[in-house]
Amino acid sequence: FDSLDNKIIITGHTDAMAYKNNIYNNWNLSGDRALSARRVLEEAGMPEDKVMQVSAMADQMLLDAKNPQSAGNRRIEIMVLTKSASDTLYQYFGQHGDKVVQPLVQKLDKQQVLSQRMR
């Protein structure tokens, strides 16, 4: 893991078979699947800060769309990000996010003021 400078995203997926428990569903299962993969990687020595994101996709991105209940749809994906991709995600969701979010908030505030004036 020492030679891996890049951040990773771990995504969990499920098949399209509905989970029998109404409280615990495919969203929970896919999230737990991704979190388990993160734990295994960290226990194997991967530094915690290498993981940028852990996400759940449930059955939204089937690998075998012709067979939605196929076991092949139950998987995790590990995406190794380029420096550019990491920087972009940090801009939107983390470090330096204010450079993206603040201008948007200001624009929305102006639109809200304009719409109130038009009433």
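Quick notes
- Sparse-neighbourhood loop sites, trypsin sites (Lys or Arg not before Pro) in region 4-98 - DSSP loop, at most 15 other Cβ within 10 angstrom: Lys20, Lys66
- For region 18-32, the Karplus equation 6.51 cos²θ - 1.76 cosθ + 1.60, evaluated at θ = phi - 60°, returns couplings of 5, 6, 6, 8, 5, 7, 9, 10, 4, 5, 5, 4, 5, x, 5 Hz by residue, with Gly and Pro reported as x.
Every read-out reported here was derived from the displayed coordinates using simple, explicitly stated rules and does not represent laboratory data. These numbers come from a predicted model, not from an experiment. Quick reminder, even Gly has a Cβ in these numbers, built from the backbone with ideal geometry, and neighbours come from all protein chains shown.
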